[in-house]
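Shown next, in structure tokens, is the structure this report addresses.
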């Protein structure tokens with residue numbers, strides 16, 4: 001259905017995330033991947049979805065001159081919001097261990113914003129999901145850090161990875177949002193866009 005709706009459009013995903021790329025494939029629409037580096041800096045006064053909205057729009061801004069009339073650009077950003085602080089991607093394995101220790105035995109919020117841009121308009125929407133980890137053992141965190149790549153994931157974990165499978169007790173909200181791409185919202189907004 002979406003493929004017919006977008007048949008005259010060129011869909012561009014501006015993300016190096018293999019999870020976002022894989023999830024977008026599930027919508028069965030052709031798309032291309034374009035990546036431009038962006039320094040992800042935001043004002044400290046921004047909170048929760050203000051951060052992800054801003055960063056998704058910032059990522060879109062570097063493509064503005066490249067878009068043609070038939071293009072729809074998709075940019076996105078995800079953070080973990082915990083104790084009134086944003087946890088992005090860890091910069092080191094030590095930072096990844098520290099993040100997982102903090103998230104252990106508690107509930108945090110995963111926020112993802114998606115920005116759809118064309119030459120004529122831009123919309124930004126977001127999703128929020130609450131994730132509860134059971135108390136993780138130090139040996140479990142170390143195993144995960146050594147055997148998986150926590151450095152490319154907000155909060156240092158992937159819900160679809162081993163640590164998510166054995167450590168997450170419950171989620172409230174969209175599972176795919178925790179993977180970094182709220183597919184149901186992306187679909188519904190692309191239909192309307």
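What is the Cα centroid distance between the stretch 3-60 and the stretch 142-193, reported in whole angstrom? Taking the Cα centre of the stretch 142-193 as reference, the centre of the stretch 3-60 is 15 Å away.
At a Förster distance of 41 Å, what's the computed FRET efficiency of residue 192 paired with residue 130, Cβ-Cβ distance as r, to 0.05? After rounding to 0.05, the efficiency reads 0.95. Please find, in a Gaussian network model of the chain (springs between Cα atoms separated by less than 10 Å), the residue of 107, 45, 75 whose mean-square fluctuation is greatest. Looking only at 107, 45, 75, the largest GNM fluctuation is found for 45. The orientation-averaged projection of the convex hull spanning the C-alpha atoms of the chain amounts to 10.7 square nanometres. Structure remark: mean-square fluctuation, Gaussian network model of the chain, C-alpha springs under 10 Å; the largest value among 150, 30, 90 belongs to 30. Relative to the longest principal axis of the Cα atoms of the chain, the long axis of helix 183-192 lies at roughly 20 degrees. Taking the chain as a Gaussian network, Cα atoms linked when under 10 Å apart, which of 33, 41, 51 shows the biggest mean-square fluctuation? So, out of 33, 41, 51, the one fluctuating most is 41. Taking the DSSP beta bridges with both ends in the stretch 2-192, the antiparallel portion is around 80 percent. Once the Cβ-Cβ distance of residue 64 and residue 142 is raised to the sixth power relative to R0 = 35 Å, the FRET efficiency obtained is 0.20. Taking 0.36 nm per residue of separation and subtracting the Cα-Cα distance, full extension of the segment from residue 48 to residue 161 would add 38.2 nm.
None of the figures in this text is laboratory data; all of them are computed from the coordinates on show. On a predicted model such as this, the values are computed, not experimentally measured, just so you know. Virtual Cβ from ideal backbone geometry, glycine too; neighbours counted across all protein chains shown.
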